[in-house]
Each structure stands twice: as C-alpha cells, then as structure tokens.
Amino acid sequence: MNNIKVATITRTAVLILALANQILSATGHSPIPVDDAQLEQLISTGITVGAAIWAWWENNSFTKEAIAADNYLDSLIGRKEK
C-alpha cells in the first residue's frame, strides 16, 4: 500500500462519497439538507477556497529574475516552457 499515491486515495474517497450521496438521493433521503440560498453560498465558498488553494500552491513568478530562475530550473530538469 506504500506505493499508492495520495491523489489516488483522495479520488477514490471522493468517488465513494459521491456514490453514497447519489444512492441516498435516489432513495428519497436528503444527505445534505440545504435550501437554495445555502447551496449557492456553499458552491461560491467552494470555488473561492479552491481558487485560493490553487493560487497559493502554484509557483507564481512575477519578477523578471524569478521567471528567469524558473526557466533555468526547467532547462536543468528537461521540462518545456509553460
């Protein structure tokens, strides 16, 4: 199990939760009891949190020197420019 990537485990867990949610919905149960306004707020918050995490996680090079350093690193490890 040591060779299984975290992303694989995460995707599997999300799939299991989505399937459980779908089964509960199909049988008439409400696993997430929210109204339309709450749902809109949850979706908006989810998008904001996702965008914030993505922006924080990625390497954001703004200066000329940082961009040059990124290009140099890419050339060392054989990556093509983005």
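The values are calculated or read from the model by the stated rules, or taken from the named source; none is laboratory data. The shown structure was predicted, so the numbers you read here are calculated from the model rather than taken from an experiment. Glycine gets a Cβ as well: all are built from the backbone with ideal geometry, and neighbour counts include every protein chain shown. Accessible surface is based on the protein model in full, side chains and every heavy atom, while ligands, DNA and RNA are left aside. Shrake-Rupley method; radii C 1.70, N 1.55, O 1.52, S 1.80 Å.
When region 50-67 is limited to residues that are part of a loop (DSSP other than H, G, I, E, B) and open to solvent by 100 Å² or more (accessible area, probe 1.4 Å), the one that is farthest from residue 18 (Cα to Cα) turns out to be 62. Scan region 6-31 residue by residue and report those that are modelled with pLDDT under 85, open to solvent by less than 100 Å² (accessible area, probe 1.4 Å) and either touching a Lys or Arg at 6+ places or on another chain (Cβ under 8 Å) or among the polar types (S, T, N, Q) (or both). Once the filter is applied, which keeps residues that are modelled with pLDDT under 85, open to solvent by less than 100 Å² (accessible area, probe 1.4 Å) and either touching a Lys or Arg at 6+ places or on another chain (Cβ under 8 Å) or among the polar types (S, T, N, Q) (or both), region 6-31 yields 8, 21, 25, 30. Residues that are acidic (Asp, Glu) and in a loop (DSSP other than H, G, I, E, B) within region 1-49 comprise just one, 35. Residue pairs whose Cβ atoms lie under 7 Å apart, sitting 6 or more positions apart in sequence or on different chains, and linking a residue in region 48-69 that is small (Gly, Ala, Ser) to a partner that is at pLDDT 85 or above, are 61/67; 61/70.
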